[in-house]
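Asker: Structure incoming, see below.
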Amino acid sequence: MYNEFRLNDTELCSVIIQLQKNIFKMKEDATKHVEKSWPDQKNRLKNQFNILRDKDLRYENGKKDEMLEKVRQKLGKTEEEFESLMAAL
């Protein structure tokens, strides 16, 4: 039905290392995208919701989720509403 695929220890380690490198690169790329697009998204949010201030929208590496959660709460949006809002920006 299917061919059995086996790797020796050296091949398996090589595959794992390559996967880790790929994951790291994807995370780096995602962070760069957020950093590049965030100023534009931030301005759109401020224009749409005058309750938001620069301090509410200050982006720090590694703290994106915390910042977005605080913004969501300040706007009184559900998670679904906020995700939809952010996707539309």
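We did not get these values from a lab; they are worked out from the coordinates using the rules stated. As the structure is a prediction and not an experimental result, all values here were calculated from the model.
Asker: For region 33-89, just say rounded, prolate or oblate: build the C-alpha gyration tensor, square-root its eigenvalues into a ≥ b ≥ c, call rounded for a/c under 1.5, and beyond that prolate if a/b exceeds b/c, oblate if not. Don't jump to the answer; show the numbers that get you there.
Answerer: On the way: a/c = 1.27, a/b = 1.20, b/c = 1.06.
Since a/c stays below 1.5, the shape of region 33-89 is classed as rounded.
Asker: Next question, about the same structure. Which ³J(HN,Hα) values in Hz, rounded to whole numbers, follow from the phi angles of region 10-24 under the Karplus curve 6.51 cos²θ - 1.76 cosθ + 1.60, where θ = phi - 60° and Gly and Pro get x?
Answerer: These are the phi-based 3J(HN,Hα) values: 5, 5, 5, 4, 4, 5, 4, 4, 5, 4, 5, 4, 5, 5, 4 Hz.
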